[in-house]
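Report on the structure given below.
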Amino acid sequence: MPRDESESQVDRRTLLKAVGGAAATVSVAGCGGAQNTPTEGGDDGGDEDDGETETDTPMGDGETEDTPTDDGGEESFSVGVTLGQMDSGLDPHDHAETPTNIIVSQAYEGLMGRDKEGAIIAKLATEWERVEPGTARFTLRDGVTFQNGDELTSEDVRYSIRRVETEEVGGALPQDGDLAGTGTLENVEAGDGEVTVTFGGLNPIVFQLFATNGQVMQQSWVEENGTDFINRNVNGTGPFQLTGYESGTSVSYENYGDYWGEPAAADELTMTASSESSTRVNQLLAEETDIVTNVPPQEISRVQSSDVASVNPVPSTRIIFLQMRYDLEPFSSQQFRQAMNYAVDVESIVENVLQGFGEITGQPTLSQFTGHNPDIDPYGYDPDEAERLVEESGHAGVDITLQTPIGRYLRDVEIAQAAANQIDSLSNVNCELQQREFNSLVQDVTAPNIEDRPPFTLLGWGNAEFDASQTIVPLLTSDGALSILQNEEVDSLIEEAQNESNPDEREQVLQECNQLLHDLAPWVFLHQQFSVYGVSNNVQWQPRPDELIDAWTATQN
Amino acid sequence: MSLGRLAVKRSLQGIGVVWGVITVVFALRFITPGSVINAVAPLDASQETRQAIAAELGLDQPLYVQYGQYLVELVQGDMGFSYVKGQAVVTMVFERVPATLELAVAATVVAIVLSIPLGVLSATRRNSPVDYGATLFSLGGISTPNFWLGIMLILVFAVQFDVFQTSGRGATSVAVVASLVGPEPFVGTLLEWLSYITLPAIALGTYFMALITRLTRSGMLDELGKSYVRAARAKGAPEALVRYKHALRNTLIPVITVLGLQLGTLIGGAVITEAVFAWPGLGTLVIQSINLRDWPALQGCLIVIGTAFVIVNIVVDIIYGYLDPRVVYD
């Protein structure tokens, strides 16, 4: 008994000592950290040195501040990007959302790409032409190597195209249709330094599709490795190659020395994510990262007033709207739908909810896209006209409910609240708001039958192909995967456009279709969303409309 | 001997618990709206594409078939593949465990280091300003939501004063230990580790610190009023000996129980703190998996969290018997 007692006493003492020691260490280290962290902040997550040598930060000790030119030479330049969400695996074909696309695009490339304005540029193909109505030929670039050292072959390109489009290669992947459009892929022929692709239909926007989609992978690399490996490793042809991957946490790249094109300025690139926008802004302001996505309007002034970063907005390819199901009262009435357009004050929403970062729309096609009709004016805010039209439609006194996703689009709930309030303030319509988690709302929005889709919903649509049809076909034609409209005239105009090989005539048809859709008013046309990036003063980088982050164009300031 | 029996018994109970968790999560698939297809396929995917993807993921099978298959694979040590990421769930989950464990332990250390001395102090100086201060402090700690505390800590100590990192995880504790012998400088690695872990550990540990302060204080008061304390004092034993050897030791018994249980909670429940600090632990994976309806990944996390709970409870039981010899396992 006494022995036992003394034993445990020693243990308790040891415990207390250890605890006390830990406390002392924490407090000492806390003070030490106070002096050292500013120097660490400057090198932006690069962990190759201990922060001892880097003193060139705005918060440096003063004595070293007069040598800012020192770091130009041998010092490595690393760029940090913080997104809202990490990748869903690194397989460039097995995903359908923007964050993954941003991450894999640093290393994987398609045959063609886009510049900052959205215009088509050459990537792995140097030339492309339509040899027959439904057939396109791509001439491949010479001397392109994958990051494992192997040379790119036309077989690899053939394999990648087929992997995207056909189920026999690589199984069912979500990008089905990204290259063939509304038609089918008939045949891919791999020739000597060229690839010929034949489609089931005309595929009028084939080059638009190839400029946005269809990243090229190496056939043998994909076939020799398992799904888990392909989703954790990268073997592309792009300017960056993978150095580290932590699932859901971070992706690290370094400059790929044998890149065929102009090498990226950055030696290292780290991509991380944080779903809280305030966390992203904090990271930017603490100089832990260089580029952050989606700075919310309420945080903009905090970034602008700091001296380490600024916001960089660009009109995105995403349109925000309230869709109304054409077959359901009261939305079956065209007058009622138009009335809703007059009832919502989009200008004040853009001004007050989005701090001006939004462009008012009046048609489903954005001004940067093929098929945009410049003669269409937005409806404008006119509550008296709205009340008159509701009266005329015979639905005065009706109760409606607007559904909105929570946190899917920039300030979606606040926008929906404002819109619902404005509609509700009409004397003859009562409008309520229902907030829904996105995944469960989407389940309804994409229901197989139009009768099961929700009647009145806030939704956003991104269209990285810059062509009117990529919005109208899925959302507003009878066979669209989430359409809320069945209108023969719209269907036949789209049909005509999809079979028109003359680009000018096709554009005319699409413009006519947009005018029709403006009048039909299947949506309350809201605004074009802006992408608002926070960019550190350490780097020079221009954002682009298609929501991609081309980190290889970032340069040191 | 009896200890071994206890461990076996508790492990069997643990397996039952984990099986229950899996079953409940499977049942949840019935009533949860939304589907993983929406996270995998684009919104405008055709019905054919959706069905093909569902078939590939095995979602076209009846639920009881999926359930049976899952259990059979699990017994063989296979947690399957993530629906969304296509990565093996085993790796996804276990590469997150160290981060969560590290944060939980750090938060517990923060809590113990501050709370037990504070509790003892306020019990022995009852109704003094120290006691009032400690009470106020611990009440504040209990009633402060830790996500708010986290955001405030970031704003003040990471953004305003730039002392700590705002979020993420830098050097691991393993790297810190390795730097003692390895080529990396020890102090630099240690400071990097601290610059990331300090704020989340404080944010997470504050609630427990407050809780344990209260517990220590009331337990200590209780013990100090007991007759064995009076006897010891009457015998002329030094006050320090009476307080810290006799009274505190008995006070610690319930404290250890609560601490053990809380460590289990910390492993599973640090979800919000992890989200605020973008700490790459199990909690963030749980949130992501729920949002995407990535059931295999979610189940993987829950199995690990459930197992951790069971293990922590067994350990607490063993420590309990060690501290209080009167406890008999049966």
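Odds and ends about this structure:
- The protein assembly as shown - Rg over Rh from alpha carbon coordinates, Kirkwood radius: 1.02
- The alpha carbons of region A:78-117 occupy a box of 27, 26, 18 Å along the principal axes, longest dimension given first.
- Euclidean distance between Cα centres, region A:280-357 to region A:216-238, Å: 37 Å
- Where a label projected 7 Å from the Cα of B:Val17 along Cα→Cβ would reach, residues of region B:244-268 with amide N under 20 Å: B:254-268
- Compared with the dominant principal axis of the Cα atoms in chain A, helix A:154-165 is inclined by about 70°.
- Space enclosed by the convex hull of the alpha-carbon atoms of region A:187-340, per residue, Å³: 255 Å³
- The percentage of C-alpha pairs in region B:90-229 whose separation is greater than 23 Å is 48%.
- Cα gyration tensor shape of region A:350-434, rounded if a/c is under 1.5, else prolate or oblate by comparing a/b with b/c: oblate
- Measuring r between the beta carbons of B:Ile31 and B:Ala7 and using R0 = 35 Å, the FRET efficiency lands at 0.45.
- Solvent-free Debye scattering, log10 I(q)/I(0), computed from the Cα coordinates of region A:446-557 at q = 0.10, 0.15, 0.17, 0.23 Å⁻¹: -0.43, -0.78, -0.90, -1.31
- Rg and Dmax, both from the Cα atoms of region A:218-296 and both in Å, are 15.4, 44.
- For region A:69-225, radius of gyration divided by Kirkwood radius, i.e. Rg to Rh on alpha-carbons: 1.01
- Alpha-carbon Debye profile of region B:1-74, log10 I(q)/I(0) at 0.14 Å⁻¹: -0.61
- Relative contact order, whole percent, for chain B stands at 28, derived from Cα pairs under 8 Å and 6 or more residues apart.
- Inter-label distance for A:Asp384 and B:Val181, nm, one decimal - labels placed 7 Å from Cα along Cα-to-Cβ: 8.6 nm
- Calculated FRET efficiency for the pair A:Asp307/A:Ser478, C-beta based, R₀ 41 Å, to 0.05: 0.15
- In the frame of its principal axes, region B:239-330 has Cα extents of 58, 34, 13 Å, reported largest first.
- Take each residue in A:223-233, count the other chain C-beta atoms within 10 Å of its C-beta, and the mean is 3.
- A Stokes-Einstein calculation at 25 °C with viscosity 0.890 mPa s, built on the Kirkwood radius of region A:382-428 over Cα pairs, returns a diffusion coefficient of 207 µm²/s.
- The dipole here belongs to chain B: it is taken about the Cα centre, uses +1 on the Cβ of Lys and Arg and -1 on the Cβ of Asp and Glu, and is about 1680 debye.
- R0 of 25 Å, Cβ-Cβ distance A:Glu151-A:Val131: FRET efficiency to nearest 0.05: 0.45
- Alpha carbon convex hull of region A:251-322, volume per residue in cubic angstrom: 156 Å³
- Rh (Kirkwood; distinct C-alpha pairs) - chain B, Å: 22.9 Å
- Highest-first packing order for the peptide set B:285-297, A:411-423, A:141-153 is B:285-297, A:411-423, A:141-153, based on the mean count of other beta carbon atoms within 10 Å.
- Between the C-alpha center of region A:100-154 and that of region A:458-476 there is a gap of 24 Å.
- Rg of the Cα atoms in region B:1-138, relative to 2.2 N^0.38 Å, amounts to 1.70.
- Distance between the C-alpha centres of region B:30-101 and region A:388-421: 36 Å, rounded to the whole angstrom.
- Residue-normalised convex hull volume from the C-alpha trace of region A:380-522: 134 Å³ per residue.
- In region A:268-406, the inverse of the mean reciprocal separation of distinct Cα atoms equals 18.3 Å; this is its Kirkwood hydrodynamic radius.
- Temperature 37 °C, viscosity 0.692 mPa s: under these conditions the Stokes-Einstein estimate for region B:177-315, based on its Kirkwood radius over C-alpha pairs, is 177 µm² per second.
- Phi to ³J(HN,Hα) by Karplus 6.51 cos²θ - 1.76 cosθ + 1.60 over region A:89-96, Hz, x for Gly, Pro: x, 8, 5, x, 9, 9, 6, 8
- Backbone N atoms of region B:1-21 closer than 20 Å to the 7 Å Cα→Cβ label point of B:Tyr322 belong to residues B:1-11.
Any read-out appearing in this document is the output of simple, stated calculations on the displayed coordinates, not a laboratory observation. Quick caveat: nothing in here was measured; it's all calculated off a predicted structure. Positions of Cβ are generated from backbone atoms using ideal geometry, with glycine treated the same way; all protein chains shown enter the neighbour counts.
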